[in-house]
Amino acid sequence: MELSGRKKRILQAIVSDYIETAEPVGSRTIAKKHMMDLSPATIRNEMADLEEMGYLEQPHSSAGRVPSVMGYRVFVDNLMERYKLSVMETIKMQQVMNEKAKEFDKLIERASHVIASITNYATVAINAGKKKNSIKTIQIVPISRKETVLIIVTNEGIVKNRLVRLKEEITPEEASKLSARMTKMLGGLTLNQISLETINNIKNSFSELTELINDVVDFISDVIGEIDSRDVIVDGGVNLLKFPEYSNIEKAKEILEVLENKEKLQNMVSLPVSAGNKVNIIIGDEHNGIKLKDCSVVLCTYEFDGNEGTIGVIGPTRMDYARVVSAMEYLCEGMRMQLGEGEKKSEQGKEEDRPGG
């Protein structure tokens, strides 16, 4: 059922007041602060309808209501008013954006910190690994009868090697043929294109050298994991303990454990930003595989030299969404421009270094 204009106004008032006070909102409060043209009785009836429709919840036997996840969703998608950043807030973020693009890790760390300080919530920055890396060559080099060195070289010039001790001898001729066949099968594939199916095909193709192939495959998997790993930067975790939602020891422990768990954080921010939107808002049990009913995340993505990453603000479902969204949009748009400028300058430098440039 579509919400009437009156119901939307009441829902907007309840969400706004609850974000500000953390106290259930009653009909009299709405009548006095927001809707003096309506009686408390009329507002109560509308609130009862909103609760029945799933947009509000009544936590206690009191007359006050709080937003449900569905109520927050309608609010952030349709009812939230634009927040105007203060001069000091924009200055703080501009200082971050003035960082040189070549200091990429430092830029992301500073961006995460300044968002935590502005919003007073926790932040997490996930730096994706190199997506452009592809396998250039795979070399198997015997150094003794039962010892060989495995070498992987990527198109980006990254070289990884590992010493492997074998149970059976491999001749230089066999190693050379195997290297050529492996390079032919994997050469040119980006690291995220090498799937479990690809690896199984490799094993099936070299059934006569099962032991060595298993070592090679394990090494390839480790290299992919190492190069494509994501750095996780967490800031402002202690900020969350200031909110009444986390005054309960168990809830505080739950959120702090998530902030300390790299895998859970990656799952939390793994949802892609919706097409056409600058930020994505994940509320309560919308989280990807993580049960955090009283927690929301606001995400934005950035891209640099073909790499993508995410910065997220983590706070209670009662977070000040308008303020967080404005801050994230401002910062991430500035970062995209800054990183884009760095990319252009890098390409320009390459052009100038070429003969005749």
> Does region 136-152 contain at least one residue that is touching a helix residue (DSSP H, G or I) at 6+ places or on another chain (Cβ under 7 Å), in contact (Cβ under 8 Å) with a residue 60 or more places away in the chain, surrounded by 13 or more Cβ atoms within 10 Å (Cβ to Cβ) and not hydrophobic (A, V, I, L, M, F, W, C)?
Replying inline: yes
> Which ones in region 157-179 are surrounded by fewer than 13 Cβ atoms within 10 Å (Cβ to Cβ) and outside any strand (DSSP E or B)?
Replying inline: G157, K167, E168, E169, T171, P172, E173, K177
> Residues G64, G26, G71, G54: which one is outside the structural domain of L331 (by TED's automatic domain parsing) and on the phi > 0 side of the Ramachandran plot?
Replying inline: G54
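Would you confirm, using the coordinates I've provided, whether T29 is among the β-branched types (V, I, T), surrounded by fewer than 19 Cβ atoms within 10 Å (Cβ to Cβ) and part of a helix (DSSP H, G or I)? Walk me through how you get there before you give the answer.
Values: among the β-branched types (V, I, T): yes; surrounded by fewer than 19 Cβ atoms within 10 Å (Cβ to Cβ): no; part of a helix (DSSP H, G or I): yes.
The answer is no for T29.
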> Could you say whether any residue in region 307-316 is modelled with pLDDT under 85 and acidic (D, E)?
Replying inline: yes
>> Given the criterion at pLDDT below 80 and in the same structural domain as A111 (by TED's automatic domain parsing), identify the matching residue among V273, V279.
In response: V273
>> Given (1) closer than 17 Å to N133 by Cα; (2) among the charged types (D, E, K, R); (3) out of contact with any helix residue (DSSP H, G or I) (no Cβ under 6 Å at 6 or more places or on another chain), identify the lone condition not met by E173.
In response: (1)
> What number goes with the only condition from (1) assigned to a helix (DSSP H, G or I); (2) buried (at least 18 other Cβ atoms within 10 Å of the Cβ) that S117 does not pass?
Replying inline: (2)
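The values are calculated or read from the model by the stated rules, or taken from the named source; none is laboratory data. Please read all numbers here as calculations on a predicted model, not as lab measurements. All Cβ positions, even for glycine, are placed from backbone atoms using ideal geometry, and neighbour counts span all protein chains on display.
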